[in-house]
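This report concerns only the one structure given below.
The values are calculated or read from the model by the stated rules, or taken from the named source; none is laboratory data. The shown structure was predicted, so the numbers you read here are calculated from the model rather than taken from an experiment. A quick note on method: Cβ atoms are made from the backbone with ideal geometry, for glycine too, and the neighbour counts reach across all protein chains shown.
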Amino acid sequence: MNLSGRTLFPLVVLVAVSYFLFRIHEILLPFILAGALAYFVSPLVRFFEVRGLRREPVVILLYILFVGTFAYLFYKLAWVAAFEAQDAARNMPVYIQEGGKALARLRGHVNSACFNYVAEHGKAWPQAILSRMPSFALGMFPVLEVVFLVPFIGFFFVREGPHWRDAIVSWVPSRYVEMLLNLLFELDNSLGRYVRGILLEAFCVGCIALFGFWAIGLGYSLQIAVVVGIANVIPYVGPFVGFLLGGGVALFQWGSIFGLAKVLAVCVAVRFIEDWFIQPTVMQKAVHLHPVLIVLALMSGTELFGFWGLLFAVPVACMIKVLLEVFWPWYRSQYGFISPAPLPEINRIPLV
Amino acid sequence: MIRWLKNILLDPDFNRKRKFLQRVSLFQGISRREFGHLFQALMSRAYAPGEILFHEGDVGRALFILVSGHVEITRATAKGDTARIAVLNPGDYFGEMSLLDERPRTATAAATEPVQVYLLYKTELEKLVKDVPHIGAAIMTHLAMLLAARLRAMTETAPLSLASTVKARKAI
């Protein structure tokens, strides 16, 4: 293979862009989330576009609708959270009493050294949590920044998306147009399906968890279900987080191992329903990754970029898989390693 | 008021594109209401005079629909020269064989003047076949009829040589 200047130039640009993105990866989060939002909204925009409506007013109207709905839901959730916080404050003495009883019952079953450590340090935990509240509140500012930035950037992504695609296609040399189109369409299809699938899956898992927790009479079901749904964006994590939070609440609410077992049963059921019914339906057209590859991607993402690496490990792994699936056949056919075979019937069936 | 709303909401390019594509024979089986889905599958690109749209021997996966300008189709001869096969006009389409079988292009296409084309890529055609089967089927049927017509024309003009080719293939 002869690497000429024309071949090297795109490679150099690609490497330079990758290095630049790596250097600024800490500020890329709002852009990535805005891209995910654009993928989520684009089928709706397309629904109106195929009927002859202009993209811009459709995007503006949809945004007004989304922001209005989101603000209303946020207001309602804040109202419920405030109400339940009041309720929690009223019931706190009972919960502490029940929790104390449960711990006393556990004393005989749990390793005494471990139990003594928890008993000794546990008293200091509320104080420690309260002392960290100011820094936690300050830490929320980037989250608020993201909450306002993402819809803002996402608006331009949705409005200008096809123009950017056309601009990229116009910019590349004509010889690579078809390869680039292949790459863009495959990435668009698989990532779009993945993003929409994962959001729909998170919503379904949150709803099922809410129903399950509500059925067993667990307190703060709505809040825990919301956290379960959000955590489910990371594969396998949602029901696990649900068990941790729900188990803690169950221990204080009922003060028995039986309550813990009920929460565990709900979380296991959620996991099975997700695996057997939701995933095969919602994610059937998305890129398929082997579970071992998912775990490897999650660990690599965490190792390289911490929490955000964990969150975006799977979509990035999907992108890498699509890139390989597009580039490898192109590379092989381009350099004559393989020649696509004609239909075998051509030699058997006469021309009639 | 209604006119003002129409001006704001309706895409002025929509009807222009639809009128043009309705004239393309490939899309004749598609109803007026379905053209919106087709627009989503097409990508527009401009080429400068002399620019090569694709080379003979390159593996291709897209069909080109000529919107404006002229495109020259040439093929390499056994002597090493290039022979002009055709000059295409707006409304013509080309590159359909590689769209179907993903095999190397059998000719080179070059823009003779500023050219605007729509590209229908294989992935998008497959998506149309799945999502809007009526459009996918109409395009596929037309392509199949075109290839059958070409084969029929070839057998009528050179029946003996083709028959011997089939016999030779059977012998292999």
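Restricting the search to segment B:36-54, which residues are facing chain A (nearest Cβ under 7 Å) and of a type in the set (A, V, I, L, M)?
B:Met43, B:Ala46, B:Ile52, B:Leu53
Right, B:Gly91: more than 14 Å from chain A (Cβ to nearest Cβ) and either under 23 Å from B:Phe20 (Cβ atoms) or not polar (S, T, N, Q) (or both) or not?
Numbers: more than 14 Å from chain A (Cβ to nearest Cβ): yes; either under 23 Å from B:Phe20 (Cβ atoms) or not polar (S, T, N, Q) (or both): yes.
Answer is yes for this residue.
Could you tell me whether segment B:23-35 includes any residue that is closer than 24 Å to A:Trp164 by Cα and either within 13 Å of chain A (Cβ to nearest Cβ) or of a type outside the set (Lys, Arg) (or both)?
Step one: list which residues in segment B:23-35 are closer than 24 Å to A:Trp164 by Cα, which gives B:35.
Those left that are additionally either within 13 Å of chain A (Cβ to nearest Cβ) or of a type outside the set (Lys, Arg) (or both): B:35.
For segment B:23-35, residues closer than 24 Å to A:Trp164 by Cα and either within 13 Å of chain A (Cβ to nearest Cβ) or of a type outside the set (Lys, Arg) (or both): present.
Does at least one position in segment A:173-180 carry a residue that is assigned to a loop (DSSP other than H, G, I, E, B), facing chain B (nearest Cβ under 10 Å) and closer than 23 Å to B:Gln116 by Cβ? Write out each step before concluding.
Restricting attention to segment A:173-180, the residues satisfying the condition of being assigned to a loop (DSSP other than H, G, I, E, B) are A:173.
With the extra rule that they be facing chain B (nearest Cβ under 10 Å), the set shrinks to A:173.
Subset that is closer than 23 Å to B:Gln116 by Cβ: A:173.
Scanning segment A:173-180, I find at least one residue that is assigned to a loop (DSSP other than H, G, I, E, B), facing chain B (nearest Cβ under 10 Å) and closer than 23 Å to B:Gln116 by Cβ, so the answer is yes.
If only one of A:Tyr236, A:Tyr220, A:Tyr176 is on the phi > 0 side of the Ramachandran plot and surrounded by fewer than 18 Cβ atoms within 10 Å (Cβ to Cβ), which one is it?
Values: A:Tyr220 fails: surrounded by fewer than 18 Cβ atoms within 10 Å (Cβ to Cβ); A:Tyr176 fails: on the phi > 0 side of the Ramachandran plot.
Sole residue among the options that is on the phi > 0 side of the Ramachandran plot and surrounded by fewer than 18 Cβ atoms within 10 Å (Cβ to Cβ): A:Tyr236.
If B:Arg33 passes every condition in (1) closer than 16 Å to B:Arg105 by Cβ; (2) without any contact (Cβ under 8 Å) to a residue 12 or more places away in the chain but one, which one does it miss?
(1)
The rows are residues; the columns are (1) out of contact with any helix residue (DSSP H, G or I) (no Cβ under 6 Å at 6 or more places or on another chain); (2) in a loop (DSSP other than H, G, I, E, B); (3) among the basic types (Lys, Arg).
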position	(1), (2), (3)
B:Gly50	yes, yes, no
B:Glu56	yes, yes, no
B:Phe64	yes, no, no
B:Arg75	yes, no, yes
B:Ala83	yes, no, no
B:Pro90	yes, yes, no
B:Thr123	no, no, no
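For segment B:55-65, which residues satisfy the criterion of being more than 7 Å from chain A (Cβ to nearest Cβ) and either surrounded by 22 or more Cβ atoms within 10 Å (Cβ to Cβ) or at pLDDT 90 or above (or both)?
Across segment B:55-65, the qualifying residues are B:Leu63, B:Phe64, B:Ile65.
Find the residue count for segment B:125-146, including only residues that are surrounded by 11 or more Cβ atoms within 10 Å (Cβ to Cβ), in a helix (DSSP H, G or I) and within 12 Å of chain A (Cβ to nearest Cβ).
6
Is it true that A:Gly229 is in contact with a Cys (Cβ under 9 Å, 6 or more places away or on another chain) and surrounded by fewer than 20 Cβ atoms within 10 Å (Cβ to Cβ)?
Values: in contact with a Cys (Cβ under 9 Å, 6 or more places away or on another chain): yes; surrounded by fewer than 20 Cβ atoms within 10 Å (Cβ to Cβ): no.
It is false that A:Gly229 is in contact with a Cys (Cβ under 9 Å, 6 or more places away or on another chain) and surrounded by fewer than 20 Cβ atoms within 10 Å (Cβ to Cβ).
Does A:Gly259 count as farther than 24 Å from A:Ile198 by Cα, small (Gly, Ala, Ser) and modelled with pLDDT under 85? So that I can check it myself, show each step before the final result.
On the way: farther than 24 Å from A:Ile198 by Cα: yes; small (Gly, Ala, Ser): yes; modelled with pLDDT under 85: yes.
It is true that A:Gly259 is farther than 24 Å from A:Ile198 by Cα, small (Gly, Ala, Ser) and modelled with pLDDT under 85.
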